[in-house]
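Below: the structure, in structure tokens.
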Amino acid sequence: MPPVQGASWEDWYRWFLCEVYKKIGGDCKDLIGDDASRASIFVDYIDEHGVPVFTDPKAQAEFVTLLKQLQAHLLLPGNDLPFAINESLNDTIGKLIDELGE
């Protein structure tokens, strides 16, 4: 369930990242540590496993929508991720969106 209205940037970030991770078969319990560590875990997972393959177009579309929402969220005030981590996460998200044809 998404955070309630008025939730912090961090709460929404963690929710978006968890939802994206679940769509590729990840377990949110694996996204441990601080917000920068969570981003690194996701980026490392994609680097290791590559772009996910979806057999269901609807599931792929939902994944891409979540990626775009996470990408937009990273632009909001309150983002205190270190610059290099933020850039790495944005690059990974952009690569996924490009590769999945959206």
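All of the numbers you see were taken from the coordinates with simple rules; none came from a lab. Since we're looking at a predicted model, the values are computed, not measured. Glycine gets a Cβ as well: all are built from the backbone with ideal geometry, and neighbour counts include every protein chain shown.
For the pair LYS22 and ALA84, what calculated FRET efficiency results from E = 1/(1 + (r/R0)^6), where r is the Cβ-Cβ distance and R0 = 35 Å, to the nearest 0.05?
Working: r = 25 Å, r/R0 = 0.73.
For ALA84 and LYS22, the calculated efficiency is 0.85.
Fully extending the segment from GLU99 to GLN71 would add 8.5 nm, taking 0.36 nm per residue of separation and subtracting the current Cα-Cα distance. For the chain, the equivalent ellipsoid derived from the Cα gyration tensor has semi-axes of 20, 15, 13 Å, listed largest first.
Only helices at least 15 Å long along their axis, Cα-based, and averaging -0.5 or more on Kyte-Doolittle count here, so list those DSSP H runs from the chain. If you can, show how the numbers build up before the last one.
Working: long enough: 9-23 (21 Å, -0.99); 35-49 (21 Å, -0.33); 57-73 (24 Å, -0.21); 83-99 (24 Å, -0.06).
Counting only whole DSSP H runs, the qualifying helices are 35-49, 57-73, 83-99.
A cut-off under 10 angstrom between Cβ atoms defines the neighbours of LEU66, and their net charge, with Lys, Arg +1 and Asp, Glu -1, is +1.
Taking every alpha-carbon pair under 8 Å whose residues sit at least 6 apart, the chain reaches a relative contact order of 34 percent.
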